[in-house]
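Colleague: I have a structure here, written as structure tokens, and I will follow up with some questions on it.
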Amino acid sequence: MEGRVGQPPNAMLPLVGRRQVLHAFDGSLDATAAGEFQFLGLVGEPGGGKTRLLGELAAAAEERKLRVLAGRATEFEQLMPLGVVIDALDDHLETCAHELSDALGTAAIRLLATVFPSLSVALPDEPDPGTDLSGLARYRMYRTVRQLLNELARPSGLVLILDDVHWADDTTAELLDHLVRHPPRSPVLIAVAYRPAQVSPTLVTLVESATGTASAHGRQILVEPLNQAEVEQFLGPDVSKPQARQLYEASGGNPFYLEALSRMDKPAEPLASATDEGELPRAVQAALQVELGNLSPMALHVATAAAAAAAELEPDLAAVAAELPEDVTLEALNELVERDIVRPAATAGRFRFRHPIVRHVAYRSAPAGRRLAVHGRLAKHLAERGAPATVRAHHVEHSSSLGDRDAVDTLVDAARAV
């Protein structure tokens, strides 16, 4: 497979379930091999297995002798036009730049070289007329990219895989829209994968129109969580059924979280709260810390403080934890919702982290001294509000000092209550 499709930590494990998805892949690949244009949209939660499934798609395409080119959008390249398409195609174009120049002509190569740097080696030594990606020139670029895909699909077909397109720029969405409305004439399959909570409305509209009931060449595939039987199969025979059921409930059937919880020191007691001491696998911690690290400083500050507050947090409690005015906290929560770190809770006016593991990593991202101060502020605030000892005890436990009689009384009262 050419291009890059990254693999999650469980990539080497056997694929569990997903029969309907694989069946849909087979149908689209067979249609492509027969000479048709196809469009696939994979939609699923973070950690749901979209990247792994794209790997299965690539392998099945290669078995059919279809060329596979793959790229991934990243948050850091959102301002670069067509970044994910460049990631997918540019390395391969470097190997066939001169052949493409003969097939497409100098004018087309000059236009494409303004986007794909590797094609510049095929340009004649003439002055560069400059780049214009607005208006008619942009439309001309999209048509030329379609011609490029027609050439890359020779002789047996092309599968273009674009992962994480919720990070893609608007120009990429425009190009995909053009290709759906004016499909390549060669056998081409375009597969895109994205998170539903972070994708742009433009791309959602595109995928829905391309895969709607009136479309003969598009399919939208929902990557659902694993069910309990599939979780038991994923975990294997060494995990007891009661423990597998508990892991299923704690992970929600999400493969990424499931694997993380199953590899913890105490998998039978997965993350009852953010302060639990269980160590997550390094790959899981790293992936989530990267996600948190991409937040603005204020949003990260609120996220790490709010993680100590409660499973369901109120904005005023988050403001106390972060030691910020409530309006500033609300702005930070808006960003956290937009980035799918937290989501609106079932109770109106409250929020919850996307998953307890996300909350756990956010909590652990704060220095130990800051966590101590956050718990101290929360314990004091809850006491002033008249909260019962059972509510205050958790924060008192993580902020009190040796000989603190009030803390002792609070913990004793909480123990008696339960």
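The values are calculated or read from the model by the stated rules, or taken from the named source; none is laboratory data. Source: prediction; values computed, not measured. Neighbour counts run over all protein chains shown; Cβ positions are idealised from the backbone, glycine included. Protein only, heavy atoms only, side chains kept; ligands, DNA and RNA dropped before computing areas. Shrake-Rupley method; radii C 1.70, N 1.55, O 1.52, S 1.80 Å.
Colleague: Of the residues that sit in region 65-105 and are basic (K, R) and not in a loop (DSSP other than H, G, I, E, B), which one is nearest to D26 (Cα to Cα)? Break it down stepwise before answering.
Modeller: The first filter runs over region 65-105 and keeps only residues basic (K, R), leaving 65, 67, 72.
Checking which are not in a loop (DSSP other than H, G, I, E, B) leaves us with 67, 72.
Values: R67: 16, R72: 22 Å.
It comes out as R67.
Colleague: Only one residue in A387, A393, A415 is of a type in the set (A, V, I, L, M) and crowded, with 19+ Cβ neighbours inside 10 Å. Which one? Walk me through how you get there before you give the answer.
Modeller: Details: A387 fails: crowded, with 19+ Cβ neighbours inside 10 Å; A415 fails: crowded, with 19+ Cβ neighbours inside 10 Å.
Answer to the selection: A393.
Colleague: Condition check: touching a Ser or Thr at 6+ places or on another chain (Cβ under 9 Å) and touching a residue at least 24 places away in the same chain (Cβ under 8 Å). Does R370 satisfy that?
Modeller: Against the criterion (touching a Ser or Thr at 6+ places or on another chain (Cβ under 9 Å) and touching a residue at least 24 places away in the same chain (Cβ under 8 Å)), R370 qualifies.
Colleague: I'd like the full set of residues that are within 20 Å of R352 (Cβ to Cβ) and in a loop (DSSP other than H, G, I, E, B), limited to region 363-397.
Modeller: Once the filter is applied, which keeps residues that are within 20 Å of R352 (Cβ to Cβ) and in a loop (DSSP other than H, G, I, E, B), region 363-397 yields A366, A387.
Colleague: Only one of V16, V5 is at pLDDT below 90, touching a Leu at 6+ places or on another chain (Cβ under 9 Å), over 26 Å from L292 (Cβ atoms) and not in a strand (DSSP E or B). Can you tell me which? So that I can check it myself, show each step before the final result.
Modeller: Working: V5 fails: over 26 Å from L292 (Cβ atoms).
Being at pLDDT below 90, touching a Leu at 6+ places or on another chain (Cβ under 9 Å), over 26 Å from L292 (Cβ atoms) and not in a strand (DSSP E or B) holds for just one of V16, V5, which is V16.
Colleague: Just one of (1) under 22 Å from the mean Cα position of the chain (by Cα); (2) open to solvent by 10 Å² or more (accessible area, probe 1.4 Å); (3) in contact (Cβ under 8 Å) with a residue 40 or more places away in the chain trips up A31, so point out which.
Modeller: It is condition (1) that A31 fails.
Colleague: Now a separate question. Select from region 234-243 the residues that are in a helix (DSSP H, G or I) and either within 15 Å of V16 (Cα to Cα) or in contact with a strand residue (DSSP E or B) (Cβ under 6 Å, 6 or more places away or on another chain) (or both) and list them in ascending order.
Modeller: F234, L235
Colleague: Charged (D, E, K, R), farther than 25 Å from H23 by Cβ and modelled with pLDDT under 95, is that true of R219? Walk me through how you get there before you give the answer.
Modeller: Working: charged (D, E, K, R): yes; farther than 25 Å from H23 by Cβ: no; modelled with pLDDT under 95: yes.
When the stated conditions are applied, R219 does not pass them.
Colleague: Has region 205-217 got at least one residue that is within 26 Å of Y257 (Cα to Cα) and either surrounded by 20 or more Cβ atoms within 10 Å (Cβ to Cβ) or in contact with a helix residue (DSSP H, G or I) (Cβ under 8 Å, 6 or more places away or on another chain) (or both)?
Modeller: no
Colleague: Right, another one. Report, ordered by the first and then the second residue, all pairs with beta carbons closer than 6 Å, sequence separation of six or more or different chains, a first member in region 323-337 that is more than 12 Å from L300 (Cα to Cα) and open to solvent by 90 Å² or more (accessible area, probe 1.4 Å), and a second member that is of a type in the set (D, E) and not in a helix (DSSP H, G or I).
Modeller: Here the result reads none, with nothing in region 323-337 linked to a residue that is of a type in the set (D, E) and not in a helix (DSSP H, G or I).
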